[in-house]
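**Student:** First, the structure itself, so that you have it in front of you.
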Amino acid sequence: MPHIIIEYSANVEERMDMSAFCELMRQTAANIDAFPMPGIRVRAYRADYYAIADGNSKHSFIDIGVRLRGGRTLAVRKDALQTLFDAASIFLKPTLTDQSLALSMEMRDIDPELSPKIGSVREYLESTS
């Protein structure tokens with residue numbers, strides 16, 4: 001883990017490259033010591049239907065959820081969240097300047113006892129290095 005899930009209003013795509021944003025979030029997460037690289041997953045979902053503030057269709061949003069397997073201290077989680085938020089803010093600065101955009105981020109702990117996992121990513125990474 002972590003899983004980084006990005007929800008965004010469809011009108012955001014007119015002004016930014018969502019694929020590049022996902023890659024930035026992946027790279028940023030991979031540089032956080034508390035995040036094991038093989039567990040990083042980034043995905044984005046476009047909201048075609050949304051209503052924001054006064055209903056003006058020019059308003060937009062990006063909401064980023066970070067799901068993280070439990071066990072890290074609050075200080076480690078806060079630092080990781082701030083690192084991700086800072087990277088997102090810098091990337092989105094032109095968009096924030098040119099349009100009405102709400103950016104939010106939230107980190108949630110996942111109880112490891114209630115979250116079974118299985119996969120072969122680590123083995124694949126080891127066999128290709």
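**Student:** Scan the stretch 49-61 and give yes if some residue there is over 30 Å from Pro112 (Cβ atoms), touching an Asp or Glu at 6+ places or on another chain (Cβ under 6 Å), in contact (Cβ under 8 Å) with a residue 24 or more places away in the chain and of a type in the set (Gly, Ala, Ser), otherwise no.
**Tutor:** no
**Student:** State whether the residues of the stretch 30-48 include one that is over 23 Å from Val121 (Cβ atoms), out of contact with any Gly (no Cβ under 7 Å at 6 or more places or on another chain) and not in a strand (DSSP E or B).
**Tutor:** Yes - at least one qualifying residue is present in the stretch 30-48.
**Student:** Could you give every pair whose Cβ atoms fall below 8 Å, whose first residue belongs to the stretch 108-129 and is in contact (Cβ under 8 Å) with a residue 40 or more places away in the chain and under 22 Å from Arg72 (Cα atoms), and whose second residue is hydrophobic (A, V, I, L, M, F, W, C) and outside any helix (DSSP H, G or I), counting only separations of at least 6 or pairs across chains?
**Tutor:** Between residues of the stretch 108-129 that are in contact (Cβ under 8 Å) with a residue 40 or more places away in the chain and under 22 Å from Arg72 (Cα atoms) and residues that are hydrophobic (A, V, I, L, M, F, W, C) and outside any helix (DSSP H, G or I), the close pairs are Arg108/Val66; Arg108/Leu68; Asp109/Leu68; Ile110/Met1; Ile110/Leu68.
**Student:** I've got another one for you. Select from the stretch 13-25 the residues that are surrounded by fewer than 13 Cβ atoms within 10 Å (Cβ to Cβ) and either under 17 Å from Lys117 (Cβ atoms) or within 14 Å of the chain's Cα centre (by Cα) (or both) and list them in ascending order.
**Tutor:** Hits for the stretch 13-25 are Ser19, Ala20, Glu23.
**Student:** What's the number of the only condition in (1) modelled with pLDDT of 95 or more; (2) more than 13 Å from Met1 (Cβ to Cβ); (3) aliphatic (A, V, I, L, M) that Met16 fails to meet?
**Tutor:** (1)
**Student:** Quick one: in the stretch 68-87, which of the residues that are more than 23 Å from Asp17 (Cα to Cα) and in contact with a strand residue (DSSP E or B) (Cβ under 7 Å, 6 or more places away or on another chain) is surrounded by the fewest Cβ atoms within 10 Å (Cβ to Cβ)?
**Tutor:** Gly70
**Student:** Looking at the stretch 26-64, which of the residues that are under 20 Å from Asp79 (Cα atoms) and surrounded by fewer than 12 Cβ atoms within 10 Å (Cβ to Cβ) is modelled with the lowest pLDDT?
**Tutor:** Result: Asp33.
**Student:** Could I ask something else about it? Looking only at the stretch 1-21, which residues are assigned to a strand (DSSP E or B) and not aliphatic (A, V, I, L, M)?
**Tutor:** His3, Glu7, Tyr8, Ser9
**Student:** Please work out which residue is modelled with the lowest pLDDT, limiting yourself to the stretch 88-120 and to residues that are surrounded by 13 or more Cβ atoms within 10 Å (Cβ to Cβ) and among the β-branched types (Val, Ile, Thr).
**Tutor:** Only one residue tops the list, namely Ile110.
**Student:** Just give me the residues in the stretch 76-126 being closer than 16 Å to Ala29 by Cβ, assigned to a helix (DSSP H, G or I) and either in contact with a Lys or Arg (Cβ under 8 Å, 6 or more places away or on another chain) or hydrophobic (A, V, I, L, M, F, W, C) (or both), in sequence order.
**Tutor:** Val76, Ala80, Leu81, Leu84, Phe85, Ala87, Ala88, Ile90, Phe91, Val121, Leu125
The values are calculated or read from the model by the stated rules, or taken from the named source; none is laboratory data. For clarity, every value in this text was computed on a predicted model and none was experimentally measured. Please note: Cβ atoms are built from the backbone with ideal geometry, for glycine as well, and neighbour counts cover all protein chains shown.
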